[in-house]
Amino acid sequence: MGLLARRNLFHDRVRFAVTLTGIVFALVLIIIQFGLFLGFTTTTSNNIDHSNADLWVVFHGVGYFDTGRNFSERKFYQVLSTPGVEHAEKYMQAFARWKRHDGRVENVQVIGFHPGSGLGEPWNVVQGSVADLTQEDSVIVDELYRDKLGVEKIGDRIEIGEHRARVVGFTRGIRSFTTSPFVYAKFKNSLDYTNPTSQEDDTAYVLVKAAAGVKPEELQARLRGRLTDVDVYTAAEFSRKTRFYWMFTTGAGLAVLTAALMGLIVGVAVVAQTIYAATMDHIREYGTLKAMGATNGYLYRVLIEQAVWSALLGYGLAMIVAHFIVRASEKGGAVILMPWSMSAGLFFLAIVMCIAAALVSINKVTRIDPAMVFRG
Amino acid sequence: MPANGQLSGSKVIRAKGLSKIYREGATELRALQEVDLEVRTGELTLLMGPSGSGKTTLLSILGCILRASDGKLEVLGEDVSALPERELPRIRREAIGFVFQGFNLFPTLTAAENVALALDVRGLRGARAKQRAEELLDEVGLTQKAHSFPADLSGGQKQRVAIARALAGDPPILLADEPTAALDSTSGRTVIELLQRLARADGRAVVMVTHDPRVLSFGDRIIHLEDGRIVREEAGVTKAMEASSFLKVLPAEPAMSHEFSI
């Protein structure tokens, strides 16, 4: 049974190559689309997920990270005076105009925080350090955006919101889901860059760390009871809301998920077509097997084994191709993530996809009349 | 050596009033009409008749591949007509081997693997299946071709592999559909001699549909069909010779050729 399955599958090498190409194409398409989806999702909320804060206090009605609205510093002090709060910091997010050395202007998202506070700081700093941001008019940007922002090295000077600034460090892999790169600065400077007329007592967010032994949800309820005109979210909630907004409210996520689904459908169609064609080529043999007394179950196992072999080999090749694509994406603007759980999920998806594709052939051999063997 | 424990002369197939009607819309084709037949081990039975006479339909019904529209069929004493469809593969595995005009070998498998596949269908796998496949190929004189693919075999060799495959379940019944039609005279003779040996020496019941006049002298019984009915049965040459010498002793015996009664 196994031998027949393998021989029938590998006998026509051209057809088998077409089958494998179809499977690899479908799986790589799915990997890219799901990987992009994961990459986008992670990117949209990465500042929240790396903030080290338990709670985020936001202007009432602000549903996601990139549209922070300023509110009074008094809320910050109310937070600080709430029992169960170990630590709180003001945090700024706002768009600004970045003027390059050559005069070109780019939009950026300025993130203001208190260096050394441990809340809301940039991560993966590969050149310079967060502590360098205590210097006046200093910023840290990601190395992915060197070209876009027109900076090459530490010490390069630019203007943000008509204020002079100097690059003191670079991060690696902090992407922005919008086309505006993140620019990290100390809180006071971020106010200058984003709204020169604002007062220092404004903030877009307050990041809160709960005291040891205090559950974030418990503190969240307490803060909600004390604060007005603001919303209080756990970091996980705010991250989820931000991801949901970008992925589903804007339709960006649906677009990539639809493409992933298309990959799946194309894969099933290609594999079904090739397995069906192979089955039809060997239909008389299946009829002979039936005449010899083989049960339908026996024939199903032959077809399913062919499908599983196709899936295993297709999956292996797809993983190799995907590995190179994922590596290449790390240097691009949109990262493709492929965590082990996705690789494992795709393994089962490949098996299910190929077995589903074999169902058409299974249906065909079920209907074979063994009397066909006596017809010329 | 009796096949599958059957004694020579045992009635392994009993058919009574077999009819087969094919319907297509309002059209009705009576392929078989009230055929009575008994098939015994140790005999090579030839089914002859013009095209459309119902030979292959009868063979398909006897082989439990096709259901009769009416009548009763017993195989090894089991009433097949009363069995549900899902039981028929078991009957085929346990009781019947098939040999086809076009060989129907699996082109991607070697001769030994083709035979081993028939053993696999019957649940015999691994080293035992390999050994048994080699034994069966030896029985048909193809030991040296065990590892050849069908494409590298002559027509006669392919048919002998097909016969080895048909013997995989050690069936008491072998059903052959024009097994010599695609073969030259030498290969055809080898194949019919092999089938005759399997009937007479091994004690199997061999039923063979044929148009080939060259094989007439090998049959123990020759059954003629026309329009879906058995119109005549006669003893083969060998049986007739045995009978004629018997007639010298018992001159009052009736003639061997007779119509309709089996």
Flagged in the range B:123-133 as closer than 20 Å to B:Arg160 by Cβ and either at pLDDT below 90 or not in a helix (DSSP H, G or I) (or both), in numbering order, are none
Checking A:Leu223, A:Leu191 in turn, the sole residue that is buried (at least 17 other Cβ atoms within 10 Å of the Cβ), assigned by TED's automatic domain parsing to the domain that holds A:Gly118 and out of contact with any helix residue (DSSP H, G or I) (no Cβ under 8 Å at 6 or more places or on another chain) turns out to be A:Leu191
Pairing a residue in the range B:150-166 that is closer than 17 Å to B:Ala116 by Cα with any residue that is acidic (Asp, Glu), where Cβ atoms lie under 8 Å and the two sit 6 or more apart in sequence or on different chains, gives B:Ala164/B:Glu139
Only one of (1) in contact with a Ser or Thr (Cβ under 7 Å, 6 or more places away or on another chain); (2) closer than 30 Å to A:Gly39 by Cα does not apply to A:Ala322, and that is (1)
* Asked: Residue check: is B:Thr57 within 24 Å of B:Ile192 (Cβ to Cβ) and within 14 Å of chain A (Cβ to nearest Cβ)?
  -> yes
Picking from A:Thr250, A:Thr288, the residue that is β-branched (Val, Ile, Thr) and either touching a Phe, Trp or Tyr at 6+ places or on another chain (Cβ under 7 Å) or more than 30 Å from B:Ala164 (Cα to Cα) (or both) would be A:Thr250
If we ask which residues in the range A:346-376 are exposed (fewer than 15 other Cβ atoms within 10 Å of the Cβ), within 26 Å of the chain's Cα centre (by Cα) and at pLDDT below 90, their number turns out to be 1
Considering residues that are more than 14 Å from chain B (Cβ to nearest Cβ) and closer than 30 Å to B:Thr56 by Cα, the number found within the range A:326-376 is 4
Note: among A:His87, A:His50, A:His11, just one is at pLDDT 90 or above, surrounded by fewer than 21 Cβ atoms within 10 Å (Cβ to Cβ) and either under 23 Å from A:Gly253 (Cα atoms) or in the same structural domain as A:Ala344 (by TED's automatic domain parsing) (or both), namely A:His50
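For every residue, the table says whether it meets (1) in contact with a Ser or Thr (Cβ under 6 Å, 6 or more places away or on another chain); (2) crowded, with 18+ Cβ neighbours inside 10 Å; (3) without any contact (Cβ under 8 Å) to a residue 60 or more places away in the chain; (4) under 17 Å from B:Pro179 (Cβ atoms).
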position	(1), (2), (3), (4)
B:Leu58	no, yes, no, yes
B:Arg67	no, no, yes, no
B:Glu74	no, no, no, no
B:Asp79	no, no, yes, no
B:Arg86	no, no, yes, no
B:Arg92	no, yes, yes, no
B:Ala95	no, yes, no, no
Practice item. With the condition kept exactly as written, say whether any residue in the range A:259-269 is crowded, with 16+ Cβ neighbours inside 10 Å and over 30 Å from A:Ser45 (Cα atoms). Key: yes
Exercise for review: Could you tell me whether the range A:311-326 includes any residue that is surrounded by 14 or more Cβ atoms within 10 Å (Cβ to Cβ) and under 30 Å from B:Ser60 (Cβ atoms)?
Suggested key: no
**Request:** Inspect the range B:120-132 for any residue being without any contact (Cβ under 8 Å) to a residue 40 or more places away in the chain, closer than 22 Å to B:Leu194 by Cβ and away from chain A (no Cβ under 14 Å) and give the result as yes or no.
**Result:** yes
Screening A:Phe34, A:Phe25 for residues that are surrounded by 21 or more Cβ atoms within 10 Å (Cβ to Cβ), within 30 Å of A:His323 (Cα to Cα) and either out of contact with any Phe, Trp or Tyr (no Cβ under 8 Å at 6 or more places or on another chain) or modelled with pLDDT of 90 or more (or both) leaves only A:Phe34
Restricting attention to the range A:360-376, the residues that are of a type outside the set (Gly, Ala, Ser), in a helix (DSSP H, G or I) and in contact (Cβ under 8 Å) with a residue 40 or more places away in the chain number exactly 8
If we keep only residues of the range A:105-150 that are farther than 20 Å from A:Lys188 by Cβ and among the aromatic types (Phe, Trp, Tyr), then the residue surrounded by the most Cβ atoms within 10 Å (Cβ to Cβ) is A:Tyr145
Next on the checklist: Based on this model, can you work out whether B:Ile96 counts as more than 12 Å from chain A (Cβ to nearest Cβ) and within 18 Å of the chain's Cα centre (by Cα)?
Outcome noted: no
Cβ pairs under 9 Å, 6+ apart or interchain, first in the range A:283-299 and more than 9 Å from chain B (Cβ to nearest Cβ) and surrounded by fewer than 19 Cβ atoms within 10 Å (Cβ to Cβ), second modelled with pLDDT under 90 and assigned to a helix (DSSP H, G or I), ordered by first then second residue, are A:Ile283/A:Lys364; A:Ile283/A:Val365; A:Ile283/A:Met372
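Residue-wise test of (1) modelled with pLDDT of 95 or more; (2) more than 30 Å from A:Ala210 (Cα to Cα); (3) of a type in the set (Ser, Thr, Tyr).
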{"position": "A:Glu106", "(1), (2), (3)": "no, yes, no"}
{"position": "A:Thr134", "(1), (2), (3)": "no, no, yes"}
{"position": "A:Tyr145", "(1), (2), (3)": "no, yes, yes"}
{"position": "A:Gly155", "(1), (2), (3)": "no, yes, no"}
{"position": "A:His163", "(1), (2), (3)": "no, yes, no"}
{"position": "A:Val167", "(1), (2), (3)": "yes, yes, no"}
Wholly inside the range A:197-295, helices (runs of 4 or more DSSP H) that include 1 or more residues that are modelled with pLDDT under 85 and closer than 20 Å to A:Phe177 by Cα are A:252-281
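Based on this model, can you work out whether B:Lys158 counts as among the charged types (D, E, K, R), more than 11 Å from every other protein chain (Cβ to nearest Cβ), farther than 23 Å from A:Thr295 by Cα and buried (at least 22 other Cβ atoms within 10 Å of the Cβ)?
Yes: the conditions hold for B:Lys158.
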Residue set B:Leu73, B:Leu18; condition part of a strand (DSSP E or B) and in contact with a Cys (Cβ under 9 Å, 6 or more places away or on another chain); output residue B:Leu73
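How about the range A:1-53: which of its residues are within 13 Å of another protein chain (Cβ to nearest Cβ) and not hydrophobic (A, V, I, L, M, F, W, C)? Can you show your working first?
Of the range A:1-53, the ones within 13 Å of another protein chain (Cβ to nearest Cβ) are A:1-13, A:15-16.
Within the range A:1-53, A:Gly2, A:Arg6, A:Arg7, A:Asn8, A:His11, A:Asp12, A:Arg13, A:Arg15 qualify.
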Considering the range B:134-155, residues that are in a helix (DSSP H, G or I) and of a type in the set (Gly, Ala, Ser), and then whichever is surrounded by the fewest Cβ atoms within 10 Å (Cβ to Cβ), we arrive at B:Ala151
Taking B:Ala111, is it within 13 Å of chain A (Cβ to nearest Cβ) and of a type in the set (Gly, Ala, Ser)? no
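The values are calculated or read from the model by the stated rules, or taken from the named source; none is laboratory data. On a predicted model such as this, the values are computed, not experimentally measured, just so you know. Glycine gets a Cβ as well: all are built from the backbone with ideal geometry, and neighbour counts include every protein chain shown.
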